[in-house]
Structures are given as structure tokens and as C-alpha cells.
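Down below is the structure, laid out as C-alpha cells.
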Amino acid sequence: MALAQTGYAVRAAARERRGLNSPSGIEVVAQGDLGGAVDWAPLVAGIDAVVHLAGIAHVGPQIAEAAYDAVNHRATAALATVAASAGVRRFVFMSSIRAQTGALSPRPLTEADAPQPTDAYGRSKLAAENAVCAAGLPYTILRPALVYGPGAKGNLASLMRLAALPVPLPFGALTNRRSLLALDNLIAAVRFALEDTRAINETFLVSDPGTLSVADMVAAIRAAWGRSSALLPVPPRLLAAALSLVGQRDAFERLSGTQVAEPAKLIAAGWRPVIETRPGLAAMAQAASPRKSGTASRSTP
């Protein structure tokens, strides 16, 4: 949608046509399960550039490593090979920061670090990156940090639900730092990869400049709703113990862990973010106001 709105003629392959509704500038093509055989040739015929976003992410331990490999790696490799044969002039692959590291990182990440994925998802994304590099066409690989924006899912959706509760939250003493990525900034990175020769045959970490703690995120979200942050400075050890007692140790590690991936290389190449993190979080929060959704009935004291 965003590329079409800026003047690109877009052919979108999608399993779900709902939400696209064939708007102006978008040709919607039905596409089956990427875990099976895919005839990519008709999809790339007459196409100048490919932006490959499809894949399966963290959907639970019931998904076997072979399924991640089939969809994220092998389907991507086949598409890149066909695109090269068709003369596609730019291939942008949406990888993930998890191709480089686990969910947490003890030190700031850069593209110079040797990739060390820790799960099947990350390994499949790294294998796909290698396949794209070997396909013989001009490429750009993007490794986005945690993406936020209207309709955010996963951990951010959970944090939004917590922030909507009309009670103080025990996160005031969490000082961990996390890199986030506004959806608008990710779109700007895709456009940069499509349009700027400095992006050719490069791999980039993509994030908003600067980092926030979980406490910062909750404060920004509640401020967008016109509420005080209402964060209690509970010592992290006590918070960890309490969450462990209710089987939420993993949730604490996600809340309190650090992962910093600054976009220094991408900025040096010429990319510029279009929105800062706090205004971006505010826009996300306003789109999901508790007053609209009914998730909270009164202001936090």
C-alpha cells in the first residue's frame, strides 16, 4: 500500500486478499502456501524490483525447523533464483534481527558481528540471506528490530494491554535498553533500498535511532492517552521472583532484557528516519486508545 501511494505500480502476491481490495496501483495475485512448490516466474515477469516480505515467524514450538526452512529459506532461495533469471534489477529481502542474534544481546549489535541465530526462525532467515546473496542479482537485506505501529502484535500488543490497565505497573526500576522500529521508518528503509545505489549488495540493521526501556515505552503510551506513567520502582529481582511464581519467567526476561541495534551503517549510507520513537509510539497508542477499545474505564492515578 505504502509503495503504491508513492507512485509505484505494485503487484502484490498474498494469501489473504482481504484488506488489499485491489486499490489503485496494486495488482493483487493469489499465492498459495510457500511451504509447497511455487511457480514464481509469472509473478516476477515484467517486474523491475522484488520486495520479499512473506514468511513464518515465531508461532510456537509446534512448528518444526523443517517448516521454517521450507518457507523462510527455500521459498526465498527459489524466488531469488527466478528473479535473477528474469532480469529483476533490485531484490529487497526482509530478514530479521533474529538472523543475527537471539531475543536478547549483551552488547550493542552491528552488521560486522558474525551472525549467531539461536532458534529455527533465525537460522532459516540467515539461510535465506545467504541464498539471496548467492542468487546473482542486486540485493539489499534488511534486518529490522521489533516493529511497532497501528495494529502491532506480539510483545508490543501485550505491553499495550498492560499499559491500558487502570493501575500502576511495577516497571519503574527496569533500565534495560531496547531498539525499536517504527513501521513508517521501515517503509522508508524499503524505499531507500529500492532507490539508492548505496544500498546495493548490502545488509543493514534497521531501527529507530536511540533506545528506550520498557518503563519509557509504558510512559510514552500512557502519555499519549493523557495519563500519568504511574510506574512503581519494584526491584527487578523481586519482579522476576513474582513472575516466576506464576510461570511468567520468560515474560520477565523479555521485559527486562536488552537488545540494542543502532542503524549507524544505514544512516551512513544515506537513509533517514521519518519519525522519532516517542511520537511513533504515541501514534500507535492513539490508534488503539483504551477509550475506543473499552480496555480501560478510568484514568490511571
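The values are calculated or read from the model by the stated rules, or taken from the named source; none is laboratory data. Owing to the predicted nature of the structure, the values given are computational and were not obtained by experimental measurement. Heads up, the Cβs are rebuilt from the backbone with ideal geometry, glycines too, and the neighbour counts pull from every protein chain shown.
Tabulated values for the structure
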quantity: Residue list for the range 79-91, restricted to those being assigned to a helix (DSSP H, G or I) and either polar (S, T, N, Q) or surrounded by fewer than 18 Cβ atoms within 10 Å (Cβ to Cβ) (or both); calculated: Thr81, Ser85
quantity: Elements of type helices (runs of 4 or more DSSP H) in the range 212-270, at least 2 residues being surrounded by 15 or more Cβ atoms within 10 Å (Cβ to Cβ) and within 21 Å of the chain's Cα centre (by Cα); calculated: 214-224, 249-256, 264-269
quantity: When residues of the range 44-78 are limited to those that are of a type in the set (D, E, K, R) and not in a loop (DSSP other than H, G, I, E, B), the one modelled with the lowest pLDDT; calculated: Glu65
quantity: Every pair of residues 6+ apart whose Cβ atoms lie under 8 Å, when the first sits in the range 270-299 and is at pLDDT 70 or above while the second is of a type in the set (S, T, N, Q); calculated: Pro273/Asn185; Val274/Asn185; Ile275/Asn185; Gly280/Asn185
quantity: The range 116-137, residues that are surrounded by 18 or more Cβ atoms within 10 Å (Cβ to Cβ) and either over 18 Å from Leu34 (Cα atoms) or among the charged types (D, E, K, R) (or both); calculated: Pro117, Arg123, Lys125, Glu129, Ala135, Leu137
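Residue by residue, here is whether (1) among the aliphatic types (A, V, I, L, M); (2) in contact with a helix residue (DSSP H, G or I) (Cβ under 7 Å, 6 or more places away or on another chain); (3) surrounded by fewer than 18 Cβ atoms within 10 Å (Cβ to Cβ); (4) under 20 Å from Ala287 (Cα atoms) holds:
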{"residue": "Gly151", "(1), (2), (3), (4)": "no, no, yes, yes"}
{"residue": "Gly154", "(1), (2), (3), (4)": "no, no, yes, yes"}
{"residue": "Arg177", "(1), (2), (3), (4)": "no, no, yes, no"}
{"residue": "Asn185", "(1), (2), (3), (4)": "no, no, no, yes"}
{"residue": "Arg198", "(1), (2), (3), (4)": "no, yes, yes, no"}
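Residue-wise test of (1) of a type outside the set (Asp, Glu); (2) under 16 Å from the mean Cα position of the chain (by Cα); (3) over 19 Å from Arg198 (Cβ atoms).
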| position | (1), (2), (3) |
| --- | --- |
| Tyr121 | yes, yes, yes |
| Lys125 | yes, yes, yes |
| Ala128 | yes, no, yes |
| Ala131 | yes, no, yes |
| Ala134 | yes, no, yes |
| Arg143 | yes, yes, no |
| Leu146 | yes, yes, yes |
| Gly149 | yes, yes, yes |
| Asn155 | yes, yes, yes |
